[in-house]
Protein chains: 2
Amino acid sequence: MNEQERIDLFRRAFPFWDRMSEVDKETFLRSSYEKKFKKGTNVHDGNECTGVILVKSGSLRLYLLSDEGKEITLYRLFPGDLCIFSASCALHSITFDIFIDSEEDSECTVVSGCAYEDLVRRMSEVKIFTLESALSALSDIMWVMQQILFLSIDKRLSIFLLDESAKTGSDTVKLTHEQIARYMGTAREVVSRMLKYFASEGLITSSRADGIRLLDKKRLRALTR
Amino acid sequence: MNEQERIDLFRRAFPFWDRMSEVDKETFLRSSYEKKFKKGTNVHDGNECTGVILVKSGSLRLYLLSDEGKEITLYRLFPGDLCIFSASCALHSITFDIFIDSEEDSECTVVSGCAYEDLVRRMSEVKIFTLESALSALSDIMWVMQQILFLSIDKRLSIFLLDESAKTGSDTVKLTHEQIARYMGTAREVVSRMLKYFASEGLITSSRADGIRLLDKKRLRALTR
């Protein structure tokens, strides 16, 4: 990525770019770098201040991690998305740890936490952008949490399968029960049991080789209500 | 409450008060009012924009409510506390509904949502205060959610009993199993079963008349680890 491409990227990602001073732009550019992450590697570990992450290709998964190693997937980031939680030094009001893994081979541009934090301190527009980004992401996270806490497993599983199918444009969901359980923040056994029930009702077929095929989306949709 | 008392209250609650124009202060005062809530009544219903609530006496309970009527208590507000979520018209990035009930007879001062929102739009300092208050409260809420999702019931129940006992300065917790279940976002049966187990272990005694008496706080504390 040459400098002009990076400037274009920043202009799209940061609505305050054009109001930054030339010196600040210079510092911002100098403090940012490209980074590649292999599939399955850790991108951000709760305690660090990695910086603002812009996803160029691939996908990242944000999750919570318990002391016992249990994970809850919050959401995923795709090309064009920006992650503000990884710039934790600029977000003092956030006191919980978020972890980020690379779900596929991914390329990102990272703006260093220090440079970003310095700007947040000096420009109230940057501070407002940062707080609003975090608040809006947290609001989405609350929705996920409410789903987990309130909805019954059959509802959540049918919503998940229909979402996946819509996202990939295919009637087959190519994920293992283990992966689905991790996305849903539940146990593999719970997912397997419910999929078996769905299959017995003729809603899906499930096999190790072919994944999960949605046979009756109409009735799956009825379950989500 | 006379005008001077209200000015003193606002000066303590809003760090930007002294930098507001005289006209804005005037509007702020004219748009705020005292309100009394009887124990158990609803103070704020997710959809409305009630305004910023300052608690003067009593206590309020913030909770999430599912379509099926299931509740999850997020936290409680005590005298001196401020609630920003009830000013939802000034917080566009928040897309989930929060409900507030009065837990005891309570007195509050309410700053109308419209007047507050107008100020947020015009003063970036007020906007930053609003976003930071919301973000910091949401960060606490995330902690509660993580507790619910990650911790086992015995841990959570012992933490709850010890917290209550510390809060009230008494070794007896005068709440019904139903109330405890609601605070913990779980079912009454789950709480009753675990209390029965605690009693059989000699950690507590539980009776309808006397409430829950903590007999062995040391071992209860060990359970929280």
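Here, each number is a calculation from the coordinates, and none is a lab measurement. Please read these numbers as outputs of a predicted model, since none were measured by experiment. Here Cβ is always computed from backbone atoms with ideal geometry, including for glycine, and neighbour counts include all displayed protein chains.
Among A:T205, B:T50, a tally of other beta-carbon atoms within 10 Å of each Cβ gives an order, fewest to most, of A:T205, B:T50.
With Cβ to Cβ distances under 10 Å as the rule, what net charge do the other residues near A:F28 carry (K, R +1; D, E -1)? Write out the running numbers ahead of the final one.
Values: positive: A:R6, A:K25, A:R30; negative: A:D24, A:E26, A:D118.
Spelling it out: positives minus negatives among the neighbours equals 0.
Ranked from shortest, the separations from the 7 Å Cα-to-Cβ label point of B:D163 to its equivalents in the other copies are 2.7 nm. Evaluated over segment B:110-225, the count of Lys pairs having alpha-carbon atoms less than 29 Å apart is 13 (only pairs 8 or more residues apart or interchain).
Take the Cα of A:S207, go 7 Å toward its beta carbon, and the backbone nitrogen atoms of segment A:167-188 under 20 Å from that spot belong to A:170-178. Rounded to the nearest 500, the 222 nm mean residue ellipticity of chain A from helices alone is -14000 deg cm²/dmol, with -39,500 (n - 2.57) taken per DSSP H run of at least 4 residues.
Compute, for the protein assembly as shown, the length of the dipole vector about the Cα centre, with Cβ point charges of +1 (Lys, Arg) and -1 (Asp, Glu) only. Units Debye, rounded to 20. Intermediate results must be reported in sequence, preceding the final value.
On the way: 64 positive and 68 negative charges, 273 e Å.
Computed charge dipole of the protein assembly as shown: roughly 1300 debye.
Taking a Cβ cut-off of under 13 Å around A:L220, the surrounding Lys, Arg, Asp and Glu residues balance to a net charge of +2, with basic ones at +1 and acidic ones at -1.
Distance between the 7 Å Cα→Cβ label points at B:D216 and B:M123: 5.6 nm.
Between beta-carbons, use under 14 Å as the cut-off and find the net charge around B:F14, counting Lys and Arg +1, Asp and Glu -1.
Working: positive: B:R6, B:R11, B:R12, B:R19, B:K25, B:K127; negative: B:D8, B:D18, B:D24, B:D81, B:E125, B:E132.
The answer is 0.
From the square roots a ≥ b ≥ c of the eigenvalues of the alpha-carbon gyration tensor of chain B, which class results: rounded (a/c under 1.5), prolate (a/b over b/c), or oblate?
Values: a/c = 2.49, a/b = 2.14, b/c = 1.17.
Verdict is prolate for chain B.
Mind listing which GluC sites (Glu not before Pro) in segment A:9-62 are in a DSSP loop and have 15 or fewer other Cβ atoms within 10 Å? Write out the running numbers ahead of the final one.
Working: sites: A:E22, A:E26, A:E34, A:E48; in loops: A:E48.
Within segment A:9-62, the qualifying GluC sites (Glu not before Pro) (loop, at most 15 other Cβ atoms within 10 Å) are A:E48.
Taking amide H positions as modeled 1.01 Å from N, with prolines and chain starts lacking one, the residues under 5 Å from A:Y75 and 5 or more places away or on another chain are A:L62. Taking a ≥ b ≥ c as the square roots of the eigenvalues of the alpha carbon gyration tensor, the protein assembly as shown is oblate, as a/c is not under 1.5 and a/b does not beat b/c.
Here the spin labels are modelled as points 7 Å beyond Cα on the Cα-Cβ line, and at B:N47 and A:W143 they lie 1.9 nm apart. Compute the long axis of helix B:3-13 from its Cα atoms, compare it with the longest principal axis of the Cα atoms of chain B, and write down the angle in degrees, 0 to 90, nearest 10. The angle comes out near 60 degrees. Put a dot 7 Å past the Cα of A:Y33, heading toward its Cβ, do the same for B:Y197, and the two dots end up 4.9 nm apart.
Over the whole of B:123-132, what's the average partner chain Cβ count within 10 Å per residue? Rounded to a whole number, please. Provide the component values of the computation, followed by the final result.
Working: counts 0, 4, 1, 0, 5, 5, 0, 3, 8, 6.
Averaged over the peptide's residues, the number is 3.
For segment A:191-205, backbone phi angles converted through the Karplus equation (6.51, -1.76, 1.60; θ = phi - 60°) give residue-by-residue couplings of 5, 4, 5, 5, 5, 4, 5, 4, 5, 5, 8, x, 7, 9, 10 Hz, Gly and Pro being listed as x.
Dipole magnitude for segment B:151-223: about 80 debye, using +1 per Lys or Arg Cβ and -1 per Asp or Glu Cβ, origin at the Cα centre. Between copies, the label points at A:D97 (set 7 angstrom from Cα along Cα-to-Cβ) are spaced 3.6 nm, reported in nanometres from shortest to longest. Put the Cα centre of segment B:88-145 next to the Cα centre of segment A:3-47 and the gap is 31 Å.
Where a ≥ b ≥ c are the square roots of the eigenvalues of the C-alpha gyration tensor, would you call segment B:30-156 rounded, which needs a/c under 1.5, or, failing that, prolate if a/b is larger than b/c, or oblate?
Numbers: a/c = 1.91, a/b = 1.34, b/c = 1.42.
Taking the square roots of the gyration eigenvalues as a ≥ b ≥ c, segment B:30-156 is oblate.
Between the residues A:F37, B:L54, B:M184, the greatest Cα displacement towards the positive end of the dipole of the protein assembly as shown, with unit charges on the Cβ of Lys, Arg, Asp and Glu, is found for B:M184.
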